[in-house]
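Novice: Dumping the structure here so I can ask a few things about it.
The values are calculated or read from the model by the stated rules, or taken from the named source; none is laboratory data. From a predicted model like this one, the values you see are computed outputs, not experimental measurements. Quick reminder, even Gly has a Cβ in these numbers, built from the backbone with ideal geometry, and neighbours come from all protein chains shown.
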Amino acid sequence: MGSVASVLTSGVPVQEAAHWEPVLPGLIILLPLLGFVINGVLALRAAGWSSAEVRAGREWDPFAGSERPSTHTLPTWIGPGVMLVAFVLAAWNFVGMFGAELHEPVIRSYWSWIATSTLQVDAAIQLDQLSMVMMLVVTGVGFLIHVFSVGYMKDDVGYPRYFAYLNLFVFFMLVLVMGAGYAMMFIGWEGVGLCSYLLIGYWFTDREKSDAGKKAFIVNRIGDFGFLLAMFMLFQAFGTLDFATIFAEAEGHFAVGGGTVTAITLLLMLGAAGKSAQVPLHVWLPDAMAGPTPVSALIHAATMVTAGVYMVVRSGVLYALAPTSQAVVAGVGVLTALIAATIALQQNDIKKVLAYSTVSQLGFMFLGAGVGAFTAAIFHLMTHAFFKALLFLGAGAVIHSMHHALHKVNSHEDAQDMRNMGGLKDRMRITWVVMWIATLAIAGIWPLAGFFSKDEIIWYTAAWAGAEANPFGGLYTLYWVVALVTAMLTAFYMTRLMVMTFHGETRLEHGARSHLHEAPRVMTVPLILLAVLSVFGGWVNVPPALSESALGFFGALPMTEWLHHWLEPITHDAAAIQVAALGEAAHDAPLLGGGELAWALVSTLAAAVVVAVAVRQLGPRRVPTAAEDATPPTGLRGVLYNKWYFDEIFDRTIVQPVLAASRWCWSFIDTVIIDGFVNSVGNFTRLAGWFGSLFQTGQANTYAFVLTLGVLLVLGAAVFL
Amino acid sequence: MTDSLASIQILYEGWILHALVWLPILGLVHVMTSAGERAKNVAFWWSAAVFVLSLGLWWTFDAGSGGFTLESSTPWIESWGVSYALGLDGISVFMVLLTTLITPIAILGSFEYVKTRRRAFYALMLLLQTGVTGVFLATDIFLFYVFFELTLIPMYFIVGIWGGERRIYAAVKFFLYTAVGSLLMLVAILYIYFSSGTGSFSYEAFLAADLSMREQLWLFAAFALAFGIKVPIFPLHTWLPDAHVEAPTPGSVILASLLLKMGTYGFLRFLLPLFPGASQHPTVVAVMLALGVAGIIYAAWVAAVQPDAKKLVAYTSVAHMGFVMIGVFALTVNGLQGGLVVMISHGVSTGALFLLLGMMYERRHSRLIEDFGGIGRVAPMFATAFVITALASIGLPGTSGFIGEFLALIGTFETHAVTAIVAATGVIFAAYYMLPMVQRVLFNKLDKPENRSFADLSRREMVVLGPLVALMIWVGVYPTPFLERMEPSVQVVLERVEGARTAAHRGAPERMIVDAGAGEEAESRAATGTVDEEDQDR
Amino acid sequence: MTEIFFILFAVVALGGAVGVVISRTPIASLLFMVATLASVAGIYVLFEAHFLAAIQVLVYAGAIMVLFLFVIMLLNLGHDYRADLRFGLWSLLGFVVVGLTFGVLAQGFLDVNDTGFREDGAAVAAALDAAVQEQGVAGVIAEPLFTDYVVAFELMGLLLLVAIVAAVVLAKPRSRSGES
Amino acid sequence: MLSHALLLSAVLFVIGTLGVIIRRNAIIIFLCIELQLNAVNLAFVALSRYTGIEGQLFVFFVMTVAAAEAAVGLAIIISIFRHYKTVDVDKFNLLKW
């Protein structure tokens, strides 16, 4: 992003506005695939050696020879290398598009994928402002995480396999983001589901980890079910699945608030809820922490989970046409944010806290998309990608060194449990500093990135709550209040995390303390870069109301509302429809009134107060280590600790009944009824045979008797009939 | 390139279909005369040769107007009007190619598996290939019926002799189940033969038979039962798990990939065209869709709790065929094409799955899922192939499974939205039954010592799985050549059913004049305004 | 007049028949059988079938019953008598079925009027008596026997021959197969 | 008179049949069969009076058959007796499969 600022100021020659030729867009997608293929081959080769060793009874140790095993060298360069080239290409195209004031999306179709007489789907990609932003985030943050992974996964046996999966994930994510229609998006949609399945279950020999992977895939599949149905309805209505035609003809086909469009949007929301872990279908994300930490950073923080938000923003026109589903999206978003924030308060596993924090922030993004502030949602998505990735990678660094330390004294304490940490700030200085930056950013403290994006979402919720013709005005006000509360909660649990991990005296065993060391440079450099982005990322889209004020450095920031202008061609139609449907957004908040600037000041000051209070309160308190704190909390804290019992509820109401039904179907219907009938037909014939044999007694008399019976019957028939 | 194509086409004109049907018999003779060990190689090379020969069909087959191409008909039993007639159209070309592809692969896959009476085994496999190819190519109903019954016998012996413990029960059950169905069909065939009055068993004669709606409904029921057992449709499926569990691996592969397709092919070739009135009848369609959906959900649920891996995969076949049924009876172009693609992708993916299970059985002599665990650590190539095949089976986009299921569902949605919605839940249940198996076999701890010596794929096994995996991905990524070739034939079938629907709506008399003569046909078609179809009565 | 004779003969015949069935020893049932045959021959006479009556007594009572007597003597069955009457379910069923058969036969025969099935029954009877007057009792039978039914007559000869051969083969102790 | 005769023949026939069913002794069964034949002959003769001489002719044939049958039957009984040492029908059930 830094390079962008430089290009902007140097004033590159603006190509003629009308037409802009993308530079090798196909290559951006192809590169990660290439990376996957090469790394895949390397992985299979390495796996071949390791399986040979395992078959011979020994464990395979690639580090036997040099410090740097042969299997690691190539993937180290190909994995991140491919990402770097893709990022550079994306940036280059961004610069090109930046100058070209593009209005119509550029669509490149490579081959016709499905071609029946009524359904025509091309393998086509679509380049416009929205997909460009997403591509930059995916490849940019992706590249930093790849570099971090080099350090993090250094002593893992399946190193090439890890990078193969990571590249495959980026490939599918790009297909999702750059797809020119719902069908292409669906390929990426399920593809990233597959990669998250493979990466969560990366250490597949561990049963819980592969269970977590399976759970993620099945829950995603439930979301994809909704997405599929939405696609069928779209095909039914438009006869095609391409974005261009659908969004152009949407207004013609649907009346505002019409039945089908609401159904379509709700089903799309179901798909988004599955993928972006919103309330009913969020259960898989916390378990997904079983995967390696960089995976959590890339997939479960920065890119995959934001796919749902991207899809909602991309189908903005449809959502604008269905106010009810907009209210539902916003409602689900804010509800998720609240629930996840409350759960995060009681979690002890550092990654679980961050996981619930992600779910909560995603809730905010859906709130933004729900109320129609699509730009705000994308803005928060971008800034969130920066500081959440930073938080996860920081946590990864902490876990890495904790693991290393505990390993040295070979104690079996959980390296991820915050109750075993404490006082790491003097050992891991850089990580501590960058983590604080990220925490302040996510808490929404001025001037960091989080403040601008989250504040804009909260403000738009308030603004649209006051819109004249908004049928859900009251509801939006409630959303606004809950959003404010959740923002405070976020500040609190993040500070709790920082305090428990870095402050106070270390609860680590004495021997292990000396082995705690700062992460190697290959891990800290991406951390620092992300920290820079977390600080300056927010200045990309400073709202006009704030840019002149103190909060906006009195106009010094060059790119006020840049992102808004940038995404104008995408969000323009949706905004127009929304204004027509709900009327102009109000200029001051409901209930207490006050402008955007006022409320921005209030929220950032409140956040600052919460952080200060939390540091002062939690700092001195002695936290029991994991061993001592055996009894799980009870009462309200217990409910939060047990994640509002979502897992148990789903297990008892859905999973067990289906399993029981399956067993019943097999044992009863299949074996007893159907097979029973089939076998009984067989037995019936044997039975008839046995009955017939009764008459063959062998004595002449019985035959005489039967003979007479026959005579009787014949005579009787002759005489009487 | 095009003129060489033309030359191949001319080259292929008359004899190719007959060659495809009867070459395996020559192979059979050669196998019987060769020594025991060499039998498998001879059989493999013969079927591979037939496959290479059939590849020519892929390029020379011009879909044209959807009717039969490369037709040839010589009288066989004069007095009854039975002719030995073969023909190829958009629907059967893929089935024939699937047959010629799967048989050599199944034979190659059985090199280590079959140890006793090898000559007889491979002879039966080639006989089976002839039977199945005959079924797909016959355009004379009598000849079709002969081949339909012929395929039963080798399969019966393969399951009965080389099978597992309860093979006799399974083989007898399989044979009786199918025989009962086909006898009913024979009755129906004879009924049409006599009522059509043309005194010939040819497909055109049967198409021209004008049957009242009541007759059509009864005949539909008879045919549907015979093919329903073969497909298998929901309540008639209990022979499949037994047959699969007890059958030897190559038997299972052929059974899953080819024999099930004869059922669904029957629906497309006979039920829809011969009884258009009945097949578009609302209650009939409702019943068939209900059975199809029930099959999908029921089979998925039952599959999830199977301890035996082969039985699990057998039930998944029932689920996949459920998709074909809803696709076919949605009576839309997408539905039918979706059904056809599911048939192809199921043939490839389930065939590969059974081969993989066979390899597991060869190494560990057990089919129970819990006997395995952590195979991924010990056999990475095997694990990769297993995961790709499993993904194709549950229909991940980018694999053939998805194309079929997506088209079938979208086709069904166009006419029967609710059915499509319920059937779409099958997508979730697909993951519900497949992923636990993949996890319990490949992932989890490598705790059992026997699994440690689980050898990875040998070169032969890679050659067996290679083409199947490649086909799964090719159809998933670039299905257009398949869709183009099947399109015209599907249109022809649909027009017949459409024609019947408009005739029924216009309150046509009880005895529906479906196809009496060109003149009337043109007039009735012009009346309904659909495009005039000259080659309708070729 | 003939009515009384008929009743007499009928009673004797019935008594004999019942005797055959329920008598304890084969010899007794054999003698009852002879009595029945004789009374039936009497009835033949009442129906003007004099020749047949003679044949009945001569062949049936004389030859066949004697043959039976020989067999009974040969197998000296007389003394080892056991109650071989069979009671129980089977005989009950037997009675029922036989009773029903009798009911059906009786029903069948009741609607036969006095002159047989044909209307000109009486005329036929008269013609028959005239023929008897003219050709004699034997000639009446001989004439059709040797003209229309000569084939049947020859077949009868053949049948008897076969029966004789069969009887000899069956009854002869099979020395070869050591069956004796 | 005719109907009485026919009734008599019916009774005789029925008694013969009953004898065949309930008696165990092969010889007695044989006698009962002869009795049945006689019943039929009686009916023939009774009716031949009013329907033509053929009736009597047929009785003639029946008698021949009866004779032949008696001869063969008794021969069988003798050979069975030689093997089983009894003529009780229940003892030999070769007919049972």
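Novice: Please go through the stretch C:134-165 and give me each residue that is touching a residue at least 24 places away in the same chain (Cβ under 8 Å) and either under 21 Å from the mean Cα position of the chain (by Cα) or assigned by TED's automatic domain parsing to the domain that holds C:A63 (or both), ordered by number.
Specialist: Once the filter is applied, which keeps residues that are touching a residue at least 24 places away in the same chain (Cβ under 8 Å) and either under 21 Å from the mean Cα position of the chain (by Cα) or assigned by TED's automatic domain parsing to the domain that holds C:A63 (or both), the stretch C:134-165 yields C:V137, C:A138, C:I141.
Novice: Only one of A:E548, A:E518 is of a type in the set (D, E) and at pLDDT 80 or above. Can you tell me which?
Specialist: Going through A:E548, A:E518 in turn, the sole match is A:E518.
Novice: Could I ask something else about it? Count, please, the residues in the stretch A:612-670 that happen to be over 30 Å from B:A304 (Cβ atoms) and either of a type outside the set (D, E) or touching a Pro at 6+ places or on another chain (Cβ under 7 Å) (or both). Show your work before the answer.
Specialist: Filtering the stretch A:612-670 for residues over 30 Å from B:A304 (Cβ atoms) gives A:612-641.
With either of a type outside the set (D, E) or touching a Pro at 6+ places or on another chain (Cβ under 7 Å) (or both) added as a condition, the list becomes A:612-627, A:630-641.
Number satisfying all stated conditions: 28.
Novice: Considering only residues of the stretch B:429-458 that are in a loop (DSSP other than H, G, I, E, B) and of a type in the set (K, R), which is farthest from the other protein chains (Cβ to nearest Cβ)?
Specialist: For the stretch B:429-458, the residue satisfying everything is B:K448.
Novice: Also, quick follow-up: Considering each residue of the stretch B:33-56, count those that are among the aliphatic types (A, V, I, L, M) and under 21 Å from the mean Cα position of the chain (by Cα), and give that number.
Specialist: Summing the residues that are among the aliphatic types (A, V, I, L, M) and under 21 Å from the mean Cα position of the chain (by Cα) in the stretch B:33-56 gives 5.
Novice: Given the criterion aromatic (F, W, Y) and more than 7 Å from every other protein chain (Cβ to nearest Cβ), identify the matching residue among D:F61, D:F81, D:F30. Outline the logic, then answer.
Specialist: Working: D:F61 fails: more than 7 Å from every other protein chain (Cβ to nearest Cβ); D:F81 fails: more than 7 Å from every other protein chain (Cβ to nearest Cβ).
D:F30 is the lone residue from the list that is aromatic (F, W, Y) and more than 7 Å from every other protein chain (Cβ to nearest Cβ).
Novice: Please go through (1) of a type in the set (A, V, I, L, M); (2) surrounded by 15 or more Cβ atoms within 10 Å (Cβ to Cβ); (3) within 9 Å of chain D (Cβ to nearest Cβ) for C:L110 and return the number of the only condition it doesn't satisfy.
Specialist: C:L110 satisfies all of (1) of a type in the set (A, V, I, L, M); (2) surrounded by 15 or more Cβ atoms within 10 Å (Cβ to Cβ); (3) within 9 Å of chain D (Cβ to nearest Cβ) except (2).
Novice: Let me ask another. Which of the residues belonging to the stretch B:63-92 are among the acidic types (D, E) and free of Cβ contacts under 8 Å to residues at least 40 places away in the same chain? Steps first, please.
Specialist: Step one: of the stretch B:63-92, the residues among the acidic types (D, E) are B:71, B:78, B:89.
The answer is B:E78, and nothing else.
Novice: Go through D:E54, D:E69 for me and flag whichever is surrounded by fewer than 23 Cβ atoms within 10 Å (Cβ to Cβ), within 30 Å of C:Q107 (Cα to Cα) and of a type in the set (D, E, K, R). Give the derivation first.
Specialist: Values: D:E69 fails: within 30 Å of C:Q107 (Cα to Cα).
Only one candidate passes the filter, namely D:E54.
Novice: Here are A:R496, A:R429, A:R507: which of them is among the basic types (K, R), surrounded by fewer than 24 Cβ atoms within 10 Å (Cβ to Cβ) and modelled with pLDDT under 85?
Specialist: Result of the check over A:R496, A:R429, A:R507: A:R507.
Novice: For the stretch A:116-209, list the helices (runs of 4 or more DSSP H) that sit wholly inside it and hold at least 2 residues that are within 14 Å of another protein chain (Cβ to nearest Cβ), surrounded by 22 or more Cβ atoms within 10 Å (Cβ to Cβ) and of a type in the set (F, W, Y); which are they?
Specialist: Per the criteria, A:159-178, A:182-200.
Novice: Looking at the structure I just gave you, is D:R24 surrounded by fewer than 22 Cβ atoms within 10 Å (Cβ to Cβ) and at the interface with another protein chain (Cβ under 7 Å from one of its Cβ atoms)?
Specialist: So D:R24 fits the description; yes.
Novice: List every residue pair whose Cβ atoms sit under 6 Å apart, with the two residues 6 or more apart in sequence or on different chains, where the first one lies in the stretch B:390-401 and is in contact (Cβ under 8 Å) with a residue 40 or more places away in the chain and the second, anywhere, is in a loop (DSSP other than H, G, I, E, B) and of a type outside the set (F, W, Y).
Specialist: Correct list of pairs: B:A392/B:T399; B:G401/B:G395.
Novice: If you go through the stretch B:451-482, how many residues are of a type in the set (A, V, I, L, M, F, W, C), more than 20 Å from the chain's Cα centre (by Cα) and farther than 20 Å from B:L355 by Cα?
Specialist: Residues that pass the stated criteria total 1.
Novice: Hand me the list of helices (runs of 4 or more DSSP H) wholly inside the stretch B:107-214 holding 3 or more residues that are not hydrophobic (A, V, I, L, M, F, W, C).
Specialist: B:118-137, B:152-162, B:167-196
Novice: Provide a single number: the residues in the stretch B:38-65 that are touching a Gly at 6+ places or on another chain (Cβ under 6 Å) and outside any helix (DSSP H, G or I).
Specialist: Final tally of qualifying residues: 1.
Novice: Identify, please: which residue in the stretch B:370-423 is assigned to a helix (DSSP H, G or I) and hydroxyl-bearing (S, T, Y) and is, among those, farthest from B:M434 (Cα to Cα)? Break it down stepwise before answering.
Specialist: The first filter runs over the stretch B:370-423 and keeps only residues assigned to a helix (DSSP H, G or I), leaving B:370-371, B:375-378, B:380-394, B:400-415, B:417-423.
The next check asks that each one be hydroxyl-bearing (S, T, Y); those that pass are B:384, B:389, B:393, B:400, B:412, B:415, B:419.
Details: B:T384: 15, B:T389: 10, B:S393: 8, B:S400: 16, B:T412: 24, B:T415: 30, B:T419: 23 Å.
Looking at the filtered set, the residue picked out is B:T415.
Novice: Are any residues in the stretch A:380-390 of a type outside the set (S, T, N, Q) and within 18 Å of A:L440 (Cβ to Cβ), and if so, which ones? Spell out how you get there, then give the answer.
Specialist: From the stretch A:380-390, those of a type outside the set (S, T, N, Q) are A:380-382, A:384-390; that's our starting set.
Passing the criteria: A:H380, A:M382, A:H384, A:A385, A:F386, A:F387, A:K388, A:A389, A:L390.
Novice: Still on this model: Confirm whether D:K91 is away from chain A (no Cβ under 14 Å), of a type in the set (K, R), surrounded by fewer than 24 Cβ atoms within 10 Å (Cβ to Cβ) and farther than 23 Å from C:G16 by Cβ.
Specialist: No: the conditions fail for D:K91.
Novice: Within the stretch A:654-721, which helices (runs of 4 or more DSSP H) (wholly inside it) include 1 or more residues that are within 14 Å of chain D (Cβ to nearest Cβ) and modelled with pLDDT under 85? I'd like the intermediate steps shown before the answer.
Specialist: Numbers: elements: A:656-664, A:675-693, A:700-720.
Here the list reads A:675-693, A:700-720.
Novice: Residues to consider are B:A35, B:A49, B:A6, B:A39; find the one that is surrounded by fewer than 19 Cβ atoms within 10 Å (Cβ to Cβ) and modelled with pLDDT of 85 or more.
Specialist: Within the list B:A35, B:A49, B:A6, B:A39, the selection yields B:A49.
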